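Asks: Starting off with a structure, shown below.
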């Protein structure tokens, strides 16, 4: 199952890697121009079969940050199992999953084990854990189910289109945004602590909505604070984090809009290049 | 709001496009090597600011397939509004949304209006509509909510990672898969009618699960059951009265959603298995790309160290 096993069984691995990067040295060309690429310079991409066969030395699946990622998946799944009937375990597991999110990025950079696979695993775990929590909230607050469905949709789609536009325009991380593309996003992404705080507070708000269904003891019964309303801890923390959650949703909308414009711009540029090349070709045929 | 307006307000658009593709002719270089690219040849990508400013002639947002895409979004959203209490309108709107999915691709290819934006809009609409329907099903069948959450997760993650690996390895469409990467996927994607049938039957199954909560009229109320199915004189039936009583009761009370659901269930299960295969294959591709890039980085570091020693 590990790539190491598969590479021994299938295509023999070439002795040196140089054929991958220097087609002029002969050997199979493992890189080829990107399909559909209309740029004048050859855009080299990796041949997928060669990429799959290359896994001989290290096992990316066993990188430490990816192992942390698997633990994140397991704890998030376990929190979903306990969600309907054991709020304490559910909340604990969910927060462990969120906290590990900070650690896997740090571990990857510290150990030099960043990988595309790890980035995808991280993104997918985040999106699906939040979506499943919001799914459960539609059962808890059925009158608001349309709102939660909208939040699920916004979360998925804004991150998806932003990632797509980043890959197409070649940003090495979807979190590096130059200020001229969007000032709001620049402030959001520039400071990693701000980013973590926003994302964490967003999750805390949804967890407070969840706990609100179970936690009925007002704060006043623990210690004598004069309050007008019988607020519970989830309600207090929820009210505090609500503006941040709302802000993050607005940022998601901005992300979606900006990424749409970038994709549309790329589409138009490619269409114009295609038209010029077709025109040049027609000119060449006339002569 | 339209890109045409923005380009007039901001950076003046260069007269000819040639500066974009031939940096040697001077002018601003609008393409640059991909950040983090370690391939020996320069991988040119479009500068995003330039790309945004380029929208002068056509408005991709108003392409016909994208307009169809907006109608899809609106009908899917409307079906969600009616989902809790008006199953007929909900189902009609949902199927309209699914049917238009076939048309927007056809329109894009016929009119030459394919676009990345349209592809993303299409993918996002599919995933979110299915996810929201599955979300509603967790309210209808609370005991099975974990299963529906798993299906949401599998649907989204398999398509996401497959799209990511396609973009990284340069496939022009995530639906073109060469047979040596995965034979199952090749059969699945090779015939577009098979693909459409699988996806459509998958959606039909979930809609049947939804309708099963509302549609209580058995099909037998429309036409009579053949008597041989309910004849209890057979020795086999008399030996197993409980089992056959159970079967006959359910046969008598089968509703259309249950019949269609039972027929489409194997296809839905097959599609979920295909999603798992997609996820696994795409993971291996990404890992392979990671390893190749790491090896290239090590060689370049080694060459650099050698160069410094001399």
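Please treat every number below as a calculation from the coordinates, not as lab data. For clarity, every value in this text was computed on a predicted model and none was experimentally measured. Note that we place each Cβ from the backbone using ideal geometry, even for glycine, and neighbour counts take in every protein chain shown.
Asks: Testing the spin-label approximation: label points 7 Å from Cα along Cα→Cβ at residue B:239 and residue B:62. State their distance in nm.
Replies: Taking the simple label geometry, residue B:239 and residue B:62 are separated by 7.6 nm.
Asks: Just subtract the alpha-carbon distance of residue A:246 and residue A:229 from 0.36 nm times their residue separation and send over the number in nm, one decimal.
Replies: In short, 3.8 nm is gained.
Asks: For the stretch A:48-140, compute Rg over Rh where Rg is the Cα radius of gyration and Rh is the Kirkwood radius from the inverse mean 1/r over Cα pairs. Kindly include the intermediate steps, with their values, before the conclusion.
Replies: Values: Rg = 15.5 Å, Rh = 14.3 Å.
Rg divided by Rh gives 1.08.
Asks: Sticking with the crude label model, points 7 Å out along Cα→Cβ, report the distance from residue B:280 to residue B:89 in nm, one decimal please.
Replies: Taking the simple label geometry, residue B:280 and residue B:89 are separated by 4.5 nm.
Asks: Which whole number gives the average, over all residues in A:271-284, of C-beta atoms from other chains lying within 10 Å of the residue C-beta? Please report the intermediate quantities before stating the final value.
Replies: Details: counts 8, 7, 5, 1, 2, 5, 1, 0, 0, 0, 0, 0, 0, 0.
Mean shielding count: 2.
Asks: On to the next question. How many partner chain Cβ atoms sit within 10 Å of a residue's Cβ in peptide B:296-302, on average, as a whole number?
Replies: 2
Asks: FRET efficiency for residue A:147 and residue A:191, Cβ-Cβ distance as r, R0 = 22 Å, nearest 0.05? Spell out each step's value before the answer.
Replies: Details: r = 30 Å, r/R0 = 1.34.
About 0.15, to the nearest 0.05.
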